[in-house]
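Please read the structure below before turning to the comments.
The values are calculated or read from the model by the stated rules, or taken from the named source; none is laboratory data. All figures in this text were calculated on a predicted structure; none of them were measured in a lab. No Cβ is skipped: glycine too gets one built from the backbone with ideal geometry, and neighbour counts run over all protein chains shown. Note: areas computed on protein heavy atoms with side chains; ligands, DNA, RNA excluded. Shrake-Rupley method; radii C 1.70, N 1.55, O 1.52, S 1.80 Å.
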Amino acid sequence: MPALVVKGHPYHHMEPLRAAEIRERFQRFFELRAHTRVPAAPLLARDDPTLLFVNSGMVQFKRVLTGEERRAYTRAVDAQPVLRVAGKHNDFEEVGRTPRHQTLFEMLGNWSFGDYFKRDAIHWAWELLTEEFGIPGERLAATVYTDDDEAHRIWTEEIGLPPERIARWGNVGAGDEKNFWRMANTGPCGPCSEIHYDRGPELSEGPHCIPDHSETCPRYLEVWNLVFMQFDAAEDGTLTPLPMQSVDTGMGLERIASVLQGVDSNYRTDLFSPIIDRLAAHLRHRPEDVEAERFSYQVVADHSRAMTFLIAEGVEPANDGAGYVLRRIMRRAVRHLRLMGITRPVLAETCDAVIWVMGDAYPQLAERREAVLAAVDTEERKFGRTLEAGTQRLAELIGAAGPSGVLAGSEAFRLHDTFGFPIDLTVEIAAESGVTVDRGGFEAAMAAQRDRSRGGERAQLGIPDGIRELVTEFTGYPNETRGVGRVLAISQLADGREVVVLEHTPFYPEGGGQVGDRGELIGEAGRFRVDDTQRAGTAILHIGAGASGFAVGEEARAEVDAARRSAAARNHTATHLLHRALRDVLGEQAKQAGSRVAPEGLRFDHPGQQATPRELLREVERSVNEQVRRNAAVRPRIMPLGEAQALGADMFFGEKYLPEAVRVVEVDGFSRELCGGTHVSATGEIGSVRITGESSVGAGLRRIEAVTGESAEALVAERLEVLHAAARLLGAPEERVPMRIEALLDRLRDAERGNRQSAPVRRLDAAGALAEAQQAGDTKVIVGSYPEATASLLRALADDLRSMAGRFVVIAAGSGDGQAALLIAASRDLAAEGFDAAAIIREVAPLIGGGGGGRPDLAQAGGKDPARLDKALSEAARRALESLQRIETS
């Protein structure tokens, strides 16, 4: 479709304004009217647990609008990128289908915090549009809330807008929220007045075509929303007047650019056309090709902007939280590239174009360019490997459902779990054939998987009815290990262990990554050994043995294992130090993605595609121990959530926080986190921290393990003893042990080369096996039966393949010495991504009447039943392929 030219359009015969100039002139206009230019907030809503992403310009000013926070200015102007892909404001499934919906767009806004109100907001909006931007007043229309007589009077009597160009809409009490704006179900809100651009009567679709928030008629385009913040919405819908009247306006840069550049779609503005042009040039598409694929081009262009901004902020593709939203966006873009017949990776090209277009306004894009392009390329290749098989399976399901049929939620979940298909991608593809998807069934399957993945005892406790409703008060803060509590209940779990519930207890229940306390309950007629402590609803469960000496209603003395609690407290505070140090060294993207705090040590998971270099781990360890030596005070405090946000305390996606009271643990001058765990009173009590390992625990997730206190001292002593022993054996000073070992290895390698030249050893044909390998994505899969091969020959085959195959998995079997032998080996990069040969070999070894084990990259099994070797080989191959499938789609 050619660019729209409306009769009388202000730029019909003028050079259109570039988007960058519109952005700048908007902000300068309000700066000249005593507004402070405020930098854009990050897209991740880190300080607002009610949101995943910033979905409007008001998010960074929310606490100012409610009166909870004061700033040095009462007038502000900004340009804020926002993302609408989740929650109340979610445009994801409309993107690409209409000329005006995007996942990511820029909101230009001016703000008044108890300063000016409706009159100035309306007058300045009119002045900017008609005088600064030159839009004829007769091309503008407005809407107001039904009973907002003040705004209506300003428009008609002061601005001079004809009443027939003003529409009154909305009735919140009846559920009609037109011209009433709120960011979320709770929080600041108020009536609003929208300004619409009249694109011409020739686009009218009839009498119903009037300015309308839903934009059902193409004649009118909403370009600016003036929100008059008067109320604070509560959970029950109650509207309470805010302590001050404020103004929050939002003008979509993409929309106003389409008006000022004389085009009929946001996607034809200079914010998108360079991205689309770059893609077309890369694909060698002509203009008519682009128009034929306009829907997919618009999806790819929009999603490229969203993924570029998210990755630049440190978000990485993942299976939950912000990372899962990013993955959905990226995979929908990949699917639309496939619809255009494009099978090679190209998203790095479109994201590079995004950086070229927006890097001046948002320098972080250019600064993170290499990381953005690398992450995009990796995810595109990964999903491309399974997209074809998943699409084929979905086509079969759609065919079975038939026209107007329903695809079962369980099947949609299998597509998600096996092929990495996000649910909205399945919904979109199914809708193209008139098939709906049972989203409720999908969500139920997802919830069941989450319960299974939590594993552990909590999911398997089998808690009796009525226990969860009991209320236990925890009395263990700050580090109290003794107390007295009345027995509320005595029961038994599904596995036979006994449970005692007290009214008050110092026993810490497992939570926030910290394991539950152990110890003893002492009653009038017996002792109860507490092996674990868990929470169930509002009750704290003491789990163990010895309940026969207790009775409901009597008092029991509670004694926590103090040494164990103290060790856990050291490790929990050390985890906070490690978290902050990691983010300081690696960047803010190294946020907590899981942790386990136990007396014997700690582990900490964070997003990451590659191993953390040893020198950076040493820097992290040095930073943590510097805080230990400072002996900084550790201060837990209870405060309202808003106060914790103002302090900048770290919060985590997926956690639920009560607005009236949260617990903040602050390490003086270093870190603040919302946390319910037990901690030391000063960092010096930790003693020291030693990082013991860094590894992959799945695609895009790294794990750091560490010990503290006595465990750290024992580790250092043990390692020194090993070094002493090695030095004695090598006859070398300790500082020269590495050089001595290297020299011995050189001699050994020379000897092995000489042996191979003088005495050829029988080996299996690795090159032939490789030539017949199956291909699973980027992985070569070799499955072979070698009846004459022994276990050592199979191992030699794996060694040969490792030197020539690149990314591979081999599953091989033999019985050359009369014993059944089975081997599974994988390239080390696959093992680092989560492939575990040892786990598979242990599962199939019983089939040959034996056992086995090994490492994630090499495992073997032996058994007494060679006759069942073929079945074991087949089962091992099936499990290995399933594991590969999960890795490729995760």
With -39,500 (n - 2.57) per DSSP H segment of 4 or more residues and division by the full residue count of the chain, the 222 nm estimate, nearest 500 deg cm²/dmol, is -11500 deg cm²/dmol
Checking rank on 802-812, 735-745, 573-583, with mean other Cβ inside 10 Å and highest first, the result is 573-583, 802-812, 735-745
Computed over the chain: longest principal axis from alpha-carbon atoms vs helix 347-358 long axis, angle to nearest 10 degrees, is 40 degrees
Over 32 Å (Cα to Cα) among K62/K591; K178/K382; K62/K382; K382/K864 -> K178/K382; K62/K382; K382/K864
The aspartates and glutamates whose Cα lies under 17 Å from the Cα of K780, excluding any fewer than 8 residues away in the same chain, are D765, E772, D799, D800, D829, E833, D836, D857, E882, E888
Taking Cα atoms, the helix 737-758 axis meets the longest principal axis of the chain at an angle in degrees (rounded to 10) of 70 degrees
For K118, the aspartates and glutamates lying under 13 Å Cα to Cα, once residues fewer than eight places off in the same chain are dropped, come out as D148, D149, E150, E158, E194, D248
Taking every DSSP bridge whose two residues both lie in region 732-890, the antiparallel percent to the nearest 5 is 75 percent
Packing-ranked peptide list from 279-289, 770-780, highest mean Cβ count within 10 angstrom first, is 770-780, 279-289
Reviewing (1) 12, 31, 32, 19, 6, 0; (2) 12, 36, 35, 15, 2, 0; (3) 13, 35, 28, 17, 7, 1, the figure for P(r) over Cα pairs in 20 Å bins from 0, in percent actually calculated from this model sits under (2)
Sorting F272, F231 on solvent-accessible surface, 1.4 Å probe, most exposed first, gives F231, F272
Output ordering of 365-372, 122-129 (per-residue mean of other Cβ within 10 Å, highest first) is 122-129, 365-372
By the Cα gyration tensor axes a ≥ b ≥ c (a/c under 1.5 gives rounded; else a/b larger than b/c gives prolate, otherwise oblate), the shape of region 517-653 is prolate
Taking Cα atoms, the helix 562-586 axis meets the longest principal axis of the chain at an angle in degrees (rounded to 10) of 50 degrees
Cys residues of the chain with no disulfide-compatible partner (no other Cys Cβ under 4.7 Å) are C189, C192, C351, C675
